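Since every read-out is calculated from the coordinates, none of them should be taken as a lab result. What you see is a predicted model; the values in this text were computed from it and never measured. Here Cβ is always computed from backbone atoms with ideal geometry, including for glycine, and neighbour counts include all displayed protein chains.
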Amino acid sequence: MPLRRAYCLSVAAAIALIASPLSAAQNPERVTTGRLLAQSLCADCHTMGGATRSDRGPPDFAAIGAMPSMTALSIKVFLRSPHANMPDVQLDDQQIEALTAYILDLGGK
Ligand code: HEC
């Protein structure tokens, strides 16, 4: 009976939503996606929690994530605007969510 099935699915979805204790930054799948994106799109300039390259300007992602001023909101706002010398990378909403989660996770948030 299709109607009953749809009802069950929506109840399951509602329970999953309420029961999920994960914040955006702690969502492991999102963090993994963000790491892969960062490695392919951002690693030319940024380091990812390794030794900061002294010969390059861009800050390390772990250092960015650990900055008190860096919240999910401020990172998302930042990623929506082009930044210094950054080639015109157009990030969609899901990529921004994933990169934000990854940067905050690196920063221990
Ligand atoms: C061509 C080099 C380059 C690339 C590629 C690049 N960045 Fe940057 N990024 C910089 C530089 C330089 C700065 C510091 C100056 C500034 O804030 O504009 C910076 C700053 C930042 C900051 C803010 C740090 C702060 O203190 O406000 C964030 C967040 C950031 N980058 C994220 C990213 C992400 C995510 C990517 C990949 C999608 C990326 N960047 C790709 C060069 C780059």
Kindly provide the set of residues from the range 55-78 that are without any contact (Cβ under 8 Å) to a residue 40 or more places away in the chain, under 15 Å from the mean Cα position of the chain (by Cα) and surrounded by fewer than 18 Cβ atoms within 10 Å (Cβ to Cβ), ordered by number.
THR71, LEU73, SER74, LYS76, VAL77, PHE78
Those residues of the range 83-107 which are more than 9 Å from the ligand (Cβ to nearest atom), over 11 Å from the mean Cα position of the chain (by Cα) and surrounded by 11 or more Cβ atoms within 10 Å (Cβ to Cβ), in sequence order
GLY107
